[in-house]
Amino acid sequence: MENFIKNRNSDLADGRQIDISEYGQQSGMPLPLYTTSGVWETHIVPDQEAVKKGETDIKRLGKIINQLIYLIRVYRQDNRSNVFGFEVDLTYKGVSQSIKLISYLGRKSDEDGNPSITILLPDELESVSNNEQAQQ
């Protein structure tokens, strides 16, 4: 999972990760917050039917961040894992669907040991874990 941290700067420059810290701060998230381009393209950018229902990328991002903050407050009291899944209801093709995301708490980067959170797709977590195991 540390690949998200090792490659943070190059991933940001290449568009594979997106810094959403500003939106997180507006919602009360004190830590730097990032998401993968997979999450952004698949779940934050609304389809045409969602746009017709008034959804925007900022509204969808806010729903994801607010759900994450709520679950951190509830979940972290009982469990100290740095990785946990959460679900958010978003509109796809005019229908509300529950989508699964992963939150990963780790260092901001190799150079910056301060904490940050990365939001990613479940299959992105699996592919990172598999790559790390193959390199060992």
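The values are calculated or read from the model by the stated rules, or taken from the named source; none is laboratory data. None of these values were measured; they are calculated from a predicted model. Ideal geometry is used to build each Cβ from the backbone, glycine not excepted, and the neighbour counts take in all protein chains shown.
So which of Val45, Val95, Val51 ends up being surrounded by fewer than 18 Cβ atoms within 10 Å (Cβ to Cβ), at pLDDT 95 or above and farther than 16 Å from Asn7 by Cβ?
Among Val45, Val95, Val51, only Val45 is surrounded by fewer than 18 Cβ atoms within 10 Å (Cβ to Cβ), at pLDDT 95 or above and farther than 16 Å from Asn7 by Cβ.
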**Message:** Out of Thr56, Thr36, I need the residue that is more than 22 Å from Pro115 (Cα to Cα), among the polar types (S, T, N, Q) and either at pLDDT 90 or above or in contact with a Pro (Cβ under 9 Å, 6 or more places away or on another chain) (or both). Which one?
**Reply:** Thr56
**Prompt:** What residue, of Val39, Val74, is assigned to a helix (DSSP H, G or I) and surrounded by fewer than 17 Cβ atoms within 10 Å (Cβ to Cβ)?
**Reply:** Val74
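Give the range 54-71 a look and list any residue that's surrounded by 13 or more Cβ atoms within 10 Å (Cβ to Cβ) and not aliphatic (A, V, I, L, M), or say none.
Step one: list which residues in the range 54-71 are surrounded by 13 or more Cβ atoms within 10 Å (Cβ to Cβ), which gives 55-57, 59-69, 71.
Glu55, Thr56, Asp57, Lys59, Arg60, Gly62, Lys63, Asn66, Gln67, listed by residue number.
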**Message:** When you scan the range 105-115, do you find a residue that is modelled with pLDDT of 90 or more and more than 16 Å from His43 (Cβ to Cβ), even just one?
**Reply:** yes
**Prompt:** Within the range 79-92, how many residues are crowded, with 17+ Cβ neighbours inside 10 Å and not polar (S, T, N, Q)?
**Reply:** 3
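Every residue in the range 66-88 that is touching a residue at least 12 places away in the same chain (Cβ under 8 Å) and more than 17 Å from Gly38 (Cβ to Cβ), please.
If the condition is that a residue be touching a residue at least 12 places away in the same chain (Cβ under 8 Å) and more than 17 Å from Gly38 (Cβ to Cβ), then Asn66, Gln67, Ile69, Leu71, Ile72, Asn82, Phe84 are the ones that fit.
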